[in-house]
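Quick note: the coordinates plus some simple rules give every number you see, no bench work behind them. This is a predicted model, so every value here is computed, not measured. Here the Cβ positions follow ideal geometry from the backbone for every residue, glycine too, while neighbour counts run over all protein chains shown.
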Amino acid sequence: YRGVYDREKNRIELFAEDTSHGQETRVSEVFAMDDPAWKERVGAEAAAAHADDIELLRDAGEAFDRAAIDAGELTPMFFGSAMTNFGVQNFLEEYIRLAPTPAPRNSSDGVIAPDDEQFSGFVFKIQANMNPAHRDRLAFIRITSGKFDRNMSVWHAPSGKLIKLAQPQQFLAQDRQIIDTAYPGDIVGLFDPGVFGIGDTLCDPAHKFKFEDFPVFPPERFARVAAKDTMKRKQFVKGIEQLTQEGAIQLFEQVGAGLDSYIVGTVGTLQFEVLEYRLKNEYNTEITMQMQPFETARWLAFPDGREIKP
């Protein structure tokens, strides 16, 4: 790669050769499209190919439309390489400009707006073993309204109890730092002893409510999994439970089949590879996996709503 063309600003940015393997910001020069200097740098053949590509984009591509982007109908495309620090600064500048403001969220008590003074947030991700040496488990919350303060006590909707939010963290790649405050739109990581679940609501005790549930995608692929080594069943069960709580898999038990194996459901086949890899590397457990012919899983009920029990 030699450079980046900015369609909106109609300019070319050419980068110097990277000798730091992405450790330093790459030197670049910006040229107007009608400046012949950039064509001399890249050569006549590359300049001609670029002109053809831009003409194709104008005829077949979509014009920039901020309203369509905000509505999720159009996605801006950026080119670059984080490994070589190529085009990263361009992306970050545009990301800051285009990123939407914190959005309101529906709840059992109406719409919660970001400018509401009372704190609220929800758990959108749980991740275990981010630090394998400590076997930690973190719950990530997105703040919806109000101000987050370190060591504040909030109402946890599923348990109905007050929970103190100690040691809040924010992440940048592999770096972590303890924070004291955060605001709507921010993401905060909290150590989780097994209390939190995906979709949990956290809010000010003076204004208790529950955010609307997350959508759950029905599984389309199923497999029966079991531990290869029965002596490692404890690690196997712990790993399966953890990955289920994270939302990486959905767990099913077949009546009368015993507890030596589980039926695992996923949306795609790649999740089975993730399951196998994480059980082996994080829980030291290898598994056997038998793909099942099922395509859907449904709850059965009588017409009056009563559950049909086997």
Phi angles of region 75-86, converted by Karplus (6.51 cos²θ - 1.76 cosθ + 1.60, θ = phi - 60°) into ³J(HN,Hα) in whole Hz with x for Gly and Pro, give 10, x, 10, 10, 10, x, 9, 5, 5, 10, 6, 9
Output the Kirkwood hydrodynamic radius of region 221-291, Cα pairs only, in Å rounded to one decimal. 11.9 Å
Under the Karplus relation 6.51 cos²θ - 1.76 cosθ + 1.60, θ = phi - 60°, what is the ordered set of whole-Hz ³J(HN,Hα) values for region 32-49, x standing for Gly and Pro? 5, 4, 8, 7, x, 4, 5, 5, 5, 5, 8, x, 5, 5, 5, 5, 5, 4
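Once Rh for region 105-203 is found with the Kirkwood sum over Cα pairs, what is the Stokes-Einstein diffusion coefficient at 4 °C and 1.567 mPa s, in µm²/s?
On the way: Rh = 13.8 Å.
Rounded, D is 94 µm²/s.
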Tell me the mean residue ellipticity at 222 nm calculated for the chain from its helices only (DSSP H runs of n ≥ 4, each -39500 (n - 2.57), averaged over every residue, nearest 500). -6500 deg cm²/dmol
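Please compare each pair in K164/K208; K125/K232; K161/K234; K161/K210 to a cut-off of 22 Å on the Cα-Cα distance and tell me which ones are over it.
K125/K232; K161/K234
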What distance in nm lies between label points placed 7 Å from Cα along the C-beta direction at A297 and T244? 0.8 nm
Roughly how many whole Å is it from the C-alpha centroid of region 88-143 to that of region 67-85? 19 Å
Contour minus Cα-Cα span, L270 to A46, at 0.36 nm per residue, comes to 76.8 nm
Could you pull out every one of the lysines with an alpha carbon less than 20 Å from that of K228, ignoring same-chain neighbours closer than 8 positions? K238, K280
Projected label distance in nm at V27 and F91, using a 7 Å step from Cα toward the beta-carbon: 2.4 nm
Among the aspartates and glutamates, select those whose C-alpha is under 17 Å from the C-alpha of K147, and discard any that sit fewer than 8 residues away in the same chain. D115, D116, E117, D180, D186, D204
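I need the peptides 78-90, 286-298 ranked by packing, meaning the mean over residues of other C-beta atoms within 10 angstrom, with the highest value on top.
The peptides rank, most packed first, as 78-90, 286-298.
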Let me check against my output: what whole-number percent is the relative contact order of the chain, with C-alpha pairs under 8 Å and at least 6 apart? 12 percent
When only Cα pairs under 8 Å and 6 or more residues apart are kept, what is the percent relative contact order across region 206-302? 43 percent
If the elastic network links every pair of Cα atoms under 10 Å, which of G247, G61, G268 fluctuates the most in the Gaussian network model of the chain? G61
Quick check: convex hull of the Cα atoms in the chain, volume per residue, rounded to a whole Å³? 230 Å³
